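Report on the structure given below.
The values are calculated or read from the model by the stated rules, or taken from the named source; none is laboratory data. Keep in mind that what you see is a predicted model, and the values were worked out from it rather than measured. Cβ: placed from backbone, ideal geometry, glycine included. Neighbour counts: every protein chain shown.
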Amino acid sequence: MQTNRLPLEGIRVVDFSWFAAGPACTEVLANHGAEVIRIECHTRVDGLRVLHPQPEGKYGLNTSGWYNNVNASKLSITLNMRYSKALDMALRLIAVSDIVAENYTPGTLEKWGFTYEKLQEVKPDIILLREPMQGSDGPHANFSGFGAVISPLAGISHLTGPSDRPPVGMGTHYTDYVINPGHAVIATLAALRHRNRTGKGQVIEVAQLESSVSVIGPALMDYAVNGRVQRRQGNRLAHAAPHGAFRCRGDDRWCVIAVFSDDQWRALCRAMGDPQWCREERFATLQCRKENEDELERLVEGWTSARTAEDVMETLQAAGVPAGVVQNAQDVLENDPHLRERGHYVYLDHPEAGRTAYDGPGFRLSKTPGRLRSPAPCIGQHTEYVCKEILGIDDEEIAQLVIEGVLM
């Protein structure tokens, strides 16, 4: 039986993180009940706030689909950390919080005097979550960057793309949304459990490079054991053929097909109507198919290109051959019957962006499932609430702080 109580209710997070890797982590906490308060500033706006996609005719700091999608269920206050009064307010907020999160270049918090020891002075059991790009020490500790930089450093880009072309990368800041925030969430929950058991907080360091390099485990093992550096193979695999994305009828429509065994190969042939070329000796075994893979793919695409991607997928799946449509954004958001029936995407009404889609929680707890409680905040939307209700600051002092540029 489900309960309306969310599992992280009562946990407060002071969130200094920005761009994607940090906010993607703290959104998971927010959607499961934590009160996440983003610390922002008009003089140094989170870069995601100005990036596309933006609703047509509504470009502004509060309408970025990119920013909004990783900041649902959060609060936002504006503090200009160049002022000592802002630093004092941040410490007061930390004193009544459980977690501080940041993904700045190492040394940024320390410039404000926010060492972990200082944070412990105001909140002895505070948990500090840090997501530096390459860690807090080492020769590259002060390097900054994004997922587009981490993917090449971690060896992911080297393995991505056709074998006869330069590395193409993942096409998105993959590590910012999947690997780093996932590790950070798990580490944060572990630190909370440790605090519940011992009464002690701790520092979590999720070095984004070290977190990301775990993705290429098979390639690392291949080199460690065999001394072999794996190369790009496009969509191909050494132990499967055909294995790739095949053009289908329509504009930029594709279906992936993956044949791992001779039984699946024979099933593919039957699904294609058992053409004469399927019985040729050059395709009789996996080794033969690998040796003639270019021609094999051309012939298979001759069959797929006359059919819709959906027809290819359904026909092959019914025959026991792994296949799937290469879905675009419209497919995933509107046409995928499975995602639609499960209600993965959540539509929320934002005061400036309007009604837009948000990713739902990436996992579901049977007793205490997470949920999106509110759209992403406008910048500084909750400054007055936090000042009054959490910090106990009256209207006169708030007005003075605005005049002085502290609440900026």
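Key figures
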item: Checklist (1) hydroxyl-bearing (Ser, Thr, Tyr); (2) in contact (Cβ under 8 Å) with a residue 40 or more places away in the chain; (3) surrounded by fewer than 16 Cβ atoms within 10 Å (Cβ to Cβ); (4) more than 30 Å from ALA284 (Cβ to Cβ) applied to THR172, failing item; result: (2)
item: Looking only at the range 97-156, and only at residues there that are of a type in the set (S, T, N, Q) and touching a Lys or Arg at 6+ places or on another chain (Cβ under 8 Å), the one that is farthest from GLY169 (Cα to Cα); result: SER97
item: Of residues in the range 176-202 being modelled with pLDDT of 95 or more and of a type in the set (D, E, K, R), the one surrounded by the most Cβ atoms within 10 Å (Cβ to Cβ); result: ARG195
item: Residues that are within 19 Å of GLY234 (Cβ to Cβ) and not β-branched (Val, Ile, Thr), drawn from the range 255-286; result: CYS255, ALA258, PHE260, LEU286
item: Selected residue (only one of ASP359, ASP349 is under 26 Å from CYS25 (Cα atoms) and touching a His at 6+ places or on another chain (Cβ under 8 Å)); result: ASP359
item: Sole exception among (1) within 30 Å of ASN328 (Cβ to Cβ); (2) under 26 Å from the mean Cα position of the chain (by Cα); (3) modelled with pLDDT of 95 or more for PHE260, by number; result: (2)
item: Lone unmet requirement of (1) of a type in the set (S, T, N, Q); (2) under 30 Å from THR115 (Cβ atoms); (3) free of Cβ contacts under 8 Å to residues at least 24 places away in the same chain for SER211; result: (3)
item: Boolean, VAL96 is under 26 Å from VAL206 (Cα atoms), surrounded by fewer than 18 Cβ atoms within 10 Å (Cβ to Cβ) and modelled with pLDDT of 95 or more; result: yes
item: Selected residue (only one of ALA90, ALA30 is out of contact with any helix residue (DSSP H, G or I) (no Cβ under 7 Å at 6 or more places or on another chain) and within 18 Å of VAL122 (Cβ to Cβ)); result: ALA90
item: Given (1) free of Cβ contacts under 8 Å to residues at least 40 places away in the same chain; (2) assigned by TED's automatic domain parsing to the domain that holds ASN103; (3) among the aliphatic types (A, V, I, L, M); (4) more than 28 Å from ARG12 (Cβ to Cβ), index of the condition MET221 fails; result: (2)
item: Positions within the range 362-408 being under 30 Å from ARG5 (Cβ atoms) and among the polar types (S, T, N, Q), in sequence order; result: SER366, THR368, SER374, GLN381, THR383
item: The lone exception for ALA141 - which of (1) aliphatic (A, V, I, L, M); (2) buried (at least 16 other Cβ atoms within 10 Å of the Cβ); (3) outside any helix (DSSP H, G or I) it fails; result: (2)
item: In the range 298-317, the residues that are among the aliphatic types (A, V, I, L, M) and within 14 Å of ALA258 (Cα to Cα); result: VAL300, VAL312, MET313, LEU316
item: Qualifying position, being within 14 Å of PRO242 (Cβ to Cβ) and at pLDDT 95 or above, among LEU299, LEU339, LEU348; result: LEU299
item: Qualifying residue in the range 123-132 (condition: assigned by TED's automatic domain parsing to the domain that holds SER374, surrounded by fewer than 17 Cβ atoms within 10 Å (Cβ to Cβ) and assigned to a helix (DSSP H, G or I)); result: no
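One line per residue, one yes/no per condition, for (1) closer than 24 Å to VAL206 by Cα; (2) in contact with a Phe, Trp or Tyr (Cβ under 7 Å, 6 or more places away or on another chain):
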{"residue": "VAL28", "(1), (2)": "yes, no"}
{"residue": "ALA34", "(1), (2)": "yes, no"}
{"residue": "CYS41", "(1), (2)": "no, no"}
{"residue": "ASP46", "(1), (2)": "yes, yes"}
{"residue": "PRO55", "(1), (2)": "no, no"}
{"residue": "LYS58", "(1), (2)": "no, no"}
{"residue": "GLY65", "(1), (2)": "no, no"}
{"residue": "THR78", "(1), (2)": "no, no"}
